[in-house]
Structure formats: C-alpha cells, structure tokens
Amino acid sequence: MSETFEINGARIYARIHTGIPVLGDIPITETLVVSWIVMAVLTILCIVLTRNLRVENISKRQAIAEYLVEMANSFVRNNTGGGHKWDKLIPFVAALFATSVVSNLICLIGLRSPTADLSVEAAWATVVFIMITATKIRTNGVGGYLKGFTTPIFVMTPFNILSELATPVSMACRHFGNILSGIVIDGLIYWALALASGAILGLLPGIVGKTLSNIPILQVGIPAVAGLYFDWFTGFMQAFIFCMLTIMYIANAAEE
C-alpha cells in the first residue's frame, strides 16, 4: 500500500509495509494466488480433455468431455424454455460453474477457498449484473429500460432502483456467506474435537494420559463426515444456485 505525504511543501511518496507482497501497486493476496491456481487447474483440465478428439472410437477422456458439454447444454436450455435461444450463455455459465466448484472445493487440499473472499463473488455478480442490464437495454432500448424504474407509479422509482441494485448484492452475499460459514464451522469442529480429545484422554492415569491428551485423536476421521456436507455438498450447491440465478435473471431480462 502506498501513501503520499506532504511536509513543508514537499511531497514524499512512501510505501507502507503490511506484510502482503506487492507487484508494483498490486497486493499479491492469498485469494489472488489461489484464484490463479484454480484457473491453471481448469485450463490444464480443458487441454487434457480436448486433446486428440475423434468422431469414431472415442476415448474415455473424450466421452467425459462430451458428457460435461451435454450437461452444460441441458442445464442452460432446460432453464430457458428448452430452446436454443440462449445457447450463447452456455460457455459463460459452464466456465462460471467450473470456477465456482473448483474454488469451493480447493480447501480440501489445504488452500483457502477464493470464494471465502467477498471480492470474488462481488466481481462475478458485477459481471452478471452488467449482462442483465445489457439484455434489458437491448430488449427495451435505453428509454424503455429507464422507464421501467417508474412502474407502476413514479414514486416507486427509488425502490425500483434499490431492487435492481439488490440483485448483485444478494447473489454475492449468498454465495460468500455459505462458503465462509462452512469454513468457520469446519474450524470450530476441529477446535472442539481437539479440546474433547484433551479432556477425555487426559482422564487416563499417569504419563499415558498426559501424553495422549496432547494428541488430537478425535480430529481423525470425524471432520471428514462434516466435510461431506460443508465442503462437497455446499460447494456444489452454491455453484449450482449461483449459475441458476444467472440464467434466470438474464433470461427474464429479455422478457421484461
């Protein structure tokens, strides 16, 4: 972080060290690094799955790739009336879903999920909001879009504007809140199990109890059960919900 100070008419440019590495004026945060790791993983995965594609005698790798593409096609088409009108959304929604899922689940290998940082979801929601607004303007024109804020009566304009702005805020906060809460609950479970291990094993007599009470034995295995919900299920569900809302908002914007 940089600050400019003025002393006796002279400007002094100083850099304040916050413990976060910087590249120029850009702070290299953990969220930024892990986000690049997620993008690298997805890029490599796409390259691997799409190599040496064939029309006949396809490989298992190509079968997986085709299955994923069909899933993305069905997901978008089934939620927009079943036609091909919104096929242009398929690459965006598929990329958004894949990025969200990998970002949510990357905590399983010890990295902090980028989606536990509100700035990530805020960026995604801002992109979606721009797409929604562009669709409304393309459908109704600039005048029709602005007139929509005055319906059903003019005095509702401030509330309609707040409702419009609430869309990206609610999308971002919903995704962020669920992922962050899962991380916090996982941490609390580990902490509670460590205390329980110390308390229970400390009841054993002598040096055995003293030694074993320092080993969090209960942390082995039990958190994995909670992880099935807070990591796997929640990770997939939040990606699904975010993409579902994206499709619905954009498709509905074309009908207003």
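Restricting VAL48, VAL55 to residues that are among the aliphatic types (A, V, I, L, M) and open to solvent by less than 80 Å² (accessible area, probe 1.4 Å) narrows the list to VAL48. For residues in the stretch 196-215 being among the hydrophobic types (A, V, I, L, M, F, W, C) and surrounded by fewer than 12 Cβ atoms within 10 Å (Cβ to Cβ), which is nearest to GLN238 (Cα to Cα)? Going through the qualifying residues, I end up with ALA199.
When ALA94, ALA122, ALA63 are screened for being surrounded by fewer than 19 Cβ atoms within 10 Å (Cβ to Cβ) and in contact (Cβ under 8 Å) with a residue 40 or more places away in the chain, only ALA122 passes. Across the stretch 192-201, not a single residue is classified as modelled with pLDDT under 80 and touching an Asp or Glu at 6+ places or on another chain (Cβ under 8 Å).
Sort out which residues of the stretch 138-161 are touching a Gly at 6+ places or on another chain (Cβ under 8 Å) and open to solvent by 50 Å² or more (accessible area, probe 1.4 Å), and write them in order of number. Correct list: ASN140 only. Does the stretch 227-256 hold any residues that are at pLDDT below 75, loosely packed, with under 15 Cβ neighbours inside 10 Å and in a helix (DSSP H, G or I), and which are they? The answer is LEU228, TYR229. Just one of (1) among the small types (Gly, Ala, Ser); (2) within 27 Å of THR115 (Cα to Cα); (3) at pLDDT below 70 trips up ALA40, so point out which. The number of the failed condition is (3).
The values are calculated or read from the model by the stated rules, or taken from the named source; none is laboratory data. Remember, it's a predicted structure, so these values are computed and weren't measured experimentally. Here the Cβ is made from the backbone with ideal geometry for all residues, glycine too, and neighbour counts use every protein chain on show. Calculation scope for accessible area: heavy atoms of the full protein, side chains included, ligands and nucleic acids excluded. Shrake-Rupley method; radii C 1.70, N 1.55, O 1.52, S 1.80 Å.
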